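Everything on this sheet refers to the single structure shown next.
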């Protein structure tokens with residue numbers, strides 16, 4: 001009987017521990033919610049929605065996003081869809097994996113988080129550009145975002161490619 005009770009307590013404790021939000025993801029909680037965005041950059045002006053939700057019993061943060069770019073004299077209107085999965089790896093580092101409808105995959109290997117700001121940076125690869133995705137929540141509640149690129153051979157020379165401002169349209173968790 002005691003053995004069965006001990007096993008039950010261990011299982012309950014393990015289940016409770018498994019359901020806890022990893023503390024490494026807590027600094028990113030300011031992102032949770034739906035955000036209406038507008039901005040511009042190399043592809044032109046845009047409007048879209050970013051949705052940050054917790055997934056896998058709070059073990060990851062999922063960002064699903066779409067951006068609509070209006071037609072210009074040079075190109076037709078188009079829509080961009082992407083998904084980012086933010087997680088804690090086995091060593092306790094926050095990582096992110098990005099996928100989009102154009103077939104791009106970006107593995108962000110460096111994450112720097114501070115209160116109301118986070119930056120994800122991809123690793124330098126020979127002959128490939130490096131990418132950085134950043135968010136900063138201003139005191140007025142506006143979420144500023146930027147996607148920057150560094151050219152091959154210049155891994156720390158980031159230049160903005162897209163920037164946007166977002167306003168929360170759904171309450172956070």
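The values are calculated or read from the model by the stated rules, or taken from the named source; none is laboratory data. Just so we're clear, the structure is a prediction, and the values are computed from it rather than from any experiment. Neighbour counts are summed over all protein chains in view; Cβ atoms, including those assigned to glycine, are modelled from backbone coordinates with ideal geometry.
Of 98, 87, 108, which residue is under 24 Å from residue 169 (Cα atoms), in a strand (DSSP E or B) and at pLDDT 95 or above? Explain how you work it out, then say what you get.
Values: 87 fails: under 24 Å from residue 169 (Cα atoms); 108 fails: under 24 Å from residue 169 (Cα atoms).
After applying the criteria, what remains is 98.
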Task: Odd one out for residue 129 among (1) in contact with a strand residue (DSSP E or B) (Cβ under 8 Å, 6 or more places away or on another chain); (2) surrounded by fewer than 16 Cβ atoms within 10 Å (Cβ to Cβ); (3) over 26 Å from residue 92 (Cβ atoms) - done: (2)
- [ ] Would you please name the residue that is nearest to residue 84 (Cα to Cα), looking only at residues in the stretch 132-149 that are buried (at least 16 other Cβ atoms within 10 Å of the Cβ) and in contact (Cβ under 8 Å) with a residue 24 or more places away in the chain?
- [x] 133
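Against the condition part of a loop (DSSP other than H, G, I, E, B), farther than 21 Å from residue 49 by Cα and modelled with pLDDT under 95, how does residue 155 come out, does it pass? Break it down into steps so the answer makes sense when it comes.
Numbers: part of a loop (DSSP other than H, G, I, E, B): yes; farther than 21 Å from residue 49 by Cα: yes; modelled with pLDDT under 95: yes.
Here the answer is yes, as residue 155 does meet what is asked.
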Open item on the list: Looking at the structure I just gave you, is residue 103 part of a loop (DSSP other than H, G, I, E, B) and touching a helix residue (DSSP H, G or I) at 6+ places or on another chain (Cβ under 7 Å)?
Closed with: no
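Residue under question is residue 21, and the condition is that it be over 18 Å from residue 164 (Cα atoms), out of contact with any strand residue (DSSP E or B) (no Cβ under 6 Å at 6 or more places or on another chain), surrounded by 13 or more Cβ atoms within 10 Å (Cβ to Cβ) and at pLDDT below 95; does it hold? Steps first, answer last, please.
Numbers: over 18 Å from residue 164 (Cα atoms): yes; out of contact with any strand residue (DSSP E or B) (no Cβ under 6 Å at 6 or more places or on another chain): yes; surrounded by 13 or more Cβ atoms within 10 Å (Cβ to Cβ): yes; at pLDDT below 95: yes.
Against the criterion (over 18 Å from residue 164 (Cα atoms), out of contact with any strand residue (DSSP E or B) (no Cβ under 6 Å at 6 or more places or on another chain), surrounded by 13 or more Cβ atoms within 10 Å (Cβ to Cβ) and at pLDDT below 95), residue 21 qualifies.
If we scan the stretch 73-83, do we find a residue that is over 12 Å from the mean Cα position of the chain (by Cα), at pLDDT below 95 and closer than 15 Å to residue 37 by Cβ? Before you say what the answer is, go through the steps one by one.
Of the stretch 73-83, the ones over 12 Å from the mean Cα position of the chain (by Cα) are 73-81.
So of that shortlist, the ones also at pLDDT below 95 come out as 73-80.
Of the ones still in play, those that are also closer than 15 Å to residue 37 by Cβ are 79-80.
Yes.
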